[in-house]
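All remarks here apply to the structure that follows.
Values quoted throughout were computed directly from the atomic coordinates according to the rules given, and no laboratory measurement underlies them. Bear in mind the structure is a predicted one, so any value in this text is a computation, not a measurement. Because the Cβ atoms are built from the backbone with ideal geometry, glycine has one as well, and the counts that use them run over all protein chains shown.
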Amino acid sequence: MELLLIATFILSTIFVYLLIKYSEVLGLQDIPNARSAHKRVIPRSAGIGFVSAVLLSLLLLDFAHFKEYFYIYASTFGIMLVGVYDDRFEVSHKLKFIALAVVAIFVSYNGVTIDSLGTYFGYEIELPVWVAMIFTVFAIIGFTNALNLMDGLDGLAAGLSIVMLLTFFTIGYIHNDELMMTLSSLFIFSLVAFLLFNWYPAKIFMGDSGSLTLGFVISILSIKSLNYIAPSAVLFIISMPLIDTFIVMRRRIQRGQSPFKADKNHIHHFLYKTKLNVKISVVLLLYLQLALSIIGYQLQNSNEVLSLILFVLLLFIFLNMFDQRFRYREPQKRKKKKL
């Protein structure tokens, strides 16, 4: 395993460096727009580098494992390709949805399905096969896009992913789950190499090739962890991308906009505007995700009803804390009083 991890780190470093060097030739550059936090052209699609490093290391050094979980790794490669195409030419939301749905069905051949929603008041909510498949597809699509939305500041998506992957590695290690340990540890080492180039000020962005793939991989680990921990505990472990998605989609719907319309109203944008510092904003969110992941880990064997209530309460707090409408109500009231 040590050789596998070292090889992944080295390959990821080399591949990401080469992508930086040849990004202009490949047409993989991020040109600033109204939603960008950066002001200059920066290479992107580093996901090609750190995802390829994981897959190539497995092919060369642990082919037996790769073969055993072929559907998962083939799907991971497929999602990366969709992300690369999106980084280069831009893909519609509909095409992304279809691609994610196909690979979500594909990974079910390796046993990645949500068969139960947990036990509440002594009754387990088991899902029929066809319902389990549909629910799994939407869960994977939902979280994959949630993490994609969090890729807005240097080092943020990679840092959050490392925190979540570390938690899933711990769960896999305790329960001796080979897939969870291998998949999470390889991506941790690959992402650490990527962060050498992506930490502020970033020399390259991961692009959709990276964020979509990471969201997909963490979705798989989340589903696999349901064999050992409660679903409500998993919600805490992957909470920041989920909470951010709820916040931005509610705000867009309130404004009569499409919930899929891109904007600069995510949690990280709010913190960046408040702190005016990329590093501080990113570190605060990493600490927050770490705290929530630890809470999720501690709640793994707790009462599922209380854990779910706690998560809903947490979501409600965040929804109101980052409700930007409150920023305008007070000035409007003062204005009316003056009139």
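Give me P(r) over segment 33-143, computed from all C-alpha to C-alpha distances, binned every 5 Å, as integer percentages.
Here the calculated profile for segment 33-143 is 2, 10, 15, 16, 17, 14, 11, 8, 5, 2, 1, 0.
Two decimals, Cα atoms only, Kirkwood Rh: what is Rg/Rh over the chain?
Rounded to two decimals, Rg over Rh is 0.98.
Could you tell me which of 222, 294, 318 has its Cα farthest along the dipole of the chain towards the positive end, charges placed at Cβ (Lys, Arg +1; Asp, Glu -1), taken about the Cα centre?
Ranked along the dipole, the leading option is 318.
Taking neighbour counts of Cβ atoms within 10 Å as a proxy for exposure, in what order, fewest first, do 15, 138 appear?
Listing 15, 138 from fewest to most nearby Cβ atoms yields 138, 15.
Amide H to amide H, which residues 5 or more places from residue 44 or on other chains are under 5 Å from it, using H placed in the peptide plane?
29, 30, 205
Taking the beta-carbon count within 10 Å as an exposure proxy, list 266, 175, 93 from fewest neighbours to most.
93, 175, 266
Order by neighbour count: 96, 67, 203, fewest other Cβ atoms within 10 Å first, most last.
On the way: 96 22, 67 11, 203 16.
So the residues, fewest neighbours to most, are 67, 203, 96.
May I ask which residue of 193, 305, 112 lies farthest towards the positive end of the charge dipole of segment 2-324, with charges of +1 (Lys, Arg) and -1 (Asp, Glu) on Cβ and the Cα centre as origin?
Of the listed residues, the answer is 193.
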